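Below is one structure, written out as structure tokens; comments come after it.
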């Protein structure tokens, strides 16, 4: 059974140190052409002929992603069913955990990941200009359904889906329910009853800007005055909501799975919902470059989208289980979300919420 390999991890600094030491040790040992190899290019010259046959020779593919673990495992199962000669390893973590790993692997030339899917658009565009990613060559990138003119960007990064994050509540703990974000300012929800995300990445900062733009400049400050609990991402927040640890949450996916499993939860959508676009990256250091190309191509098929875009936004129309399509999702304004602005906002947020 696949699992979140980052569950229960220590602090990010320690995790990154261990990762860099391990990668450095591999580099010191010299080239390795076995399963742990790296430094291969995923370009057409390496995957000529049948892409499926070339991927089968490699036999495996590893995806790093901050998307939902259930969706990633479903994606892997569907891919392995279609391509039984290629196994998929899922490594799920937050963008702030995974991007330093990718950086360390690139710097040593010893890749472990073949594909990285992230919502950190600024990070993606910064490294795209440096040639860190390989252009996808799968046939579905030329199909009429996937709008490559819109979703495939210079530098090789391509849009995969978009997370839709919204508010939710525990019906036992807060039976009045929530119609929109301002209801979270109810005094009954003060004192650790609300979950909020820590703005550790650029996209999370954009979420708080969305709240200020739609509900007033003082809304985030008023939310901080509710003394909420802080979570690293939406998944542990949804778990806390389901268990009754929280009465309400600001940043969860649509809670259809939790509700179907019997949890006393509900979720709603604002008139203008917030989302974060996910970008797929075939890494220049991919140890399995052809399998990476094949998985990237599968991601944008109907089968792949039904897995990865469930409870989210899809890059294809009429996908079962998707909430909407990516073209309807708010775009981050990178002219605003500069590294300096993000750092300044994070400091301001810490002063308010901690």
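What are the residues in region 262-293 that are modelled with pLDDT under 95, under 21 Å from residue 67 (Cα atoms) and part of a loop (DSSP other than H, G, I, E, B), if any?
Residues satisfying the conditions are 268, 269, 273.
Please specify each residue of region 72-97 satisfying the condition of being modelled with pLDDT of 95 or more, crowded, with 22+ Cβ neighbours inside 10 Å and in a helix (DSSP H, G or I).
Across region 72-97, the qualifying residues are 72, 75, 79.
Looking only at region 217-261, count every residue that is in a helix (DSSP H, G or I) and either in contact (Cβ under 8 Å) with a residue 24 or more places away in the chain or over 17 Å from residue 66 (Cα atoms) (or both) and tell me the total.
So the answer is 19.
Looking only at region 186-216, filter to residues that are part of a loop (DSSP other than H, G, I, E, B) and under 17 Å from the mean Cα position of the chain (by Cα); which one of those is nearest to residue 172 (Cα to Cα)? Give the derivation first.
From region 186-216, those part of a loop (DSSP other than H, G, I, E, B) are 186, 190-193, 198-201, 216; that's our starting set.
Of the ones still in play, those that are also under 17 Å from the mean Cα position of the chain (by Cα) are 198-201.
On the way: 198: 26, 199: 28, 200: 31, 201: 32 Å.
Among those that are part of a loop (DSSP other than H, G, I, E, B) and under 17 Å from the mean Cα position of the chain (by Cα), it is 198.
Only one of these conditions is not met by residue 242: (1) at pLDDT 95 or above; (2) over 17 Å from residue 181 (Cβ atoms); (3) out of contact with any helix residue (DSSP H, G or I) (no Cβ under 7 Å at 6 or more places or on another chain). Which number is it?
Answer for residue 242: the failing condition is (3).
Which of the residues that make up region 337-354 are closer than 15 Å to residue 276 by Cβ and in a loop (DSSP other than H, G, I, E, B)? Even if it seems obvious, please write down each step before you answer.
Within region 337-354, the subset closer than 15 Å to residue 276 by Cβ is 337, 342.
Once the filter is applied, which keeps residues that are closer than 15 Å to residue 276 by Cβ and in a loop (DSSP other than H, G, I, E, B), region 337-354 yields only 337.
The values are calculated or read from the model by the stated rules, or taken from the named source; none is laboratory data. In this text the structure is predicted, and so the values were computed from the model without any measurement. We place every Cβ from the backbone using ideal geometry, glycine too, and count neighbours over all the protein chains shown.
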